[in-house]
1. Taking the conditions exactly as written (at pLDDT 85 or above and touching a Ser or Thr at 6+ places or on another chain (Cβ under 6 Å)), does B:ARG48 satisfy them or not?
2. Show me the strands (runs of 3 or more DSSP E) entirely contained within segment B:180-254 in which 2 or more residues are more than 30 Å from A:ALA37 (Cβ to Cβ) and open to solvent by less than 10 Å² (accessible area, probe 1.4 Å).
3. Of the residues A:PRO82, A:PRO88, only one is at the interface with chain B (Cβ under 8 Å from one of its Cβ atoms), closer than 30 Å to B:LEU244 by Cα, outside any helix (DSSP H, G or I) and at pLDDT below 95; which?
4. Cβ contacts < 8 Å: first residue closer than 10 Å to B:ALA190 by Cβ, restricted to segment B:150-167; second residue of a type in the set (Phe, Trp, Tyr), any location; separation 6+ or different chain. Result?
5. Applying the selection to segment B:178-212, what residues are over 15 Å from B:LEU154 (Cβ atoms) and in contact with a Pro (Cβ under 8 Å, 6 or more places away or on another chain)?
6. Pairs please, first residue from segment B:2-17 and on the phi < 0 side of the Ramachandran plot and within 7 Å of chain A (Cβ to nearest Cβ), second anywhere and open to solvent by 30 Å² or more (accessible area, probe 1.4 Å) and of a type in the set (Val, Ile, Thr), Cβ atoms under 6 Å, 6+ apart in sequence or on different chains.
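The values are calculated or read from the model by the stated rules, or taken from the named source; none is laboratory data. From a predicted model like this one, the values you see are computed outputs, not experimental measurements. Don't worry about glycine lacking a Cβ; one is built from the backbone with ideal geometry, like all the others, and counts go over all protein chains shown. The accessibility values were calculated without ligands, DNA or RNA, using every heavy atom of the protein model including side chains. Shrake-Rupley method; radii C 1.70, N 1.55, O 1.52, S 1.80 Å.
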Amino acid sequence: MNFDEVFRRLYPSLFRYLHRLTGDPDAADDIAQESFARLLRRPMPEAEAKPWLFTVATNLVRDSARKSTRRERILERVRPTPSAPDAPDVVTERNERITLVRQALERLSERDRTLLLMRGEGFTYEEMARAVGVAPASVGTLLARALRRFSAVYRLHEVGDESHR
Amino acid sequence: MNHIDEGTLLALLDGELSEEEKSRVEAHVEACEACAVSLAELREASDRLEAALALLDRPAPAEVSAWTVRQRAAARRMAFPRRALLRAAAMVLGFAAVGSAAIPNSPVRTWVAAAWRHGVSALSGGEDPAPAVATAAGDVTPETASAPTPEAGLVVQPERRRVVVSIESPAPDLVARVRVVSDARVAVRARGEAASARFRTAPGRLDVVSPGSGELVIEVPASQIDVTLEVNGRVLVSKRGPELTVAGARVEVRPGEEIVVDLTGSGSVN
């Protein structure tokens, strides 16, 4: 496996996937780098590197989220007064739409979200099935349902958002 | 007529069907209005998702390369040989202890017992007293230095009553604590794989590069020394005089108390 070549080819895709998943560019970069660092210790054929990397990265996100949730629970008791939110006129329409997308993604189950985002990175159904642990034949159905759910929530938010303007 | 299920229709859009299946599904969709509508809806939902996700995107950091990943992996590997050696030493001592147990009052037995206690303590990594702290200004030059043990510590000399501690590329599960102390000095202690980080020092500054999982404790004095904690170039904690600010919010922390800093930058906990 030519690591440099694999990195050059897959890092932008993995970063984009992780940023879409976490919404945090620093975490996305950090987890992407950590996944590649682990790949260095596990040489494998190049064809297998992509699903392996994305699966490891998804697991790292899950572990990180679990720890954050634990900390957040404690944080609720000691959190200082939050700073005032930005004034409405400062928030751009783009930011509002980004928030809508995030809300719609968060309404999905972790598996559905992972499937949709992996599809966005050009994964085959076979690769997605391995990554989330389902039968390859069920991927199309799961994706179609997830797509419908996302679309329904996103469109609902869009309509709600526009009616408030 | 049996309709085509949505999973198969989406597989058609995604190019996942065999040629034979594709022909069959396409022929059906041409003749079936309900399936044609479903296919159009799926295509529309797919386009909507793609456009929505594109809103979230930003370019990947240009400064990250295969080289930076290799550096990160190499920094982490440094921690493992020592751990393996300690395990091997503990095993040898274990066998020796068993052997010497047959000889009552043997001085070897006493020695093995003491060494065993030390080995187990080193392996556990948490039962030893606080690690020795080197003075950065005296013992470590402003060049890169490797932390020599699974526990390491440095004192940072303030420059004009200010200290910057910068953490670069921390492991996702690294725990960082900021502890307010009554001493008039800034110290950084690393435990676990975090101790394999590279430490770069300069007057009034300490860079902790690629700390692995484990724990970093940053001791900040309650006195009038200003301290800034940066993570990947972003200021997460800043102490100006007695005031401590974490992720933009004021936090009350008295001497002897500590906060856990969320390195993703979203907050802190006691």
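1. Criteria met by B:ARG48.
2. B:214-221
3. A:PRO82
4. Between residues of segment B:150-167 that are closer than 10 Å to B:ALA190 by Cβ and residues that are of a type in the set (Phe, Trp, Tyr), the close pairs are B:ALA152/B:PHE199; B:LEU154/B:PHE199.
5. Matches in segment B:178-212: B:VAL180, B:SER182, B:ALA184, B:GLY192, B:GLU193, B:SER210.
6. B:GLY7/A:THR141
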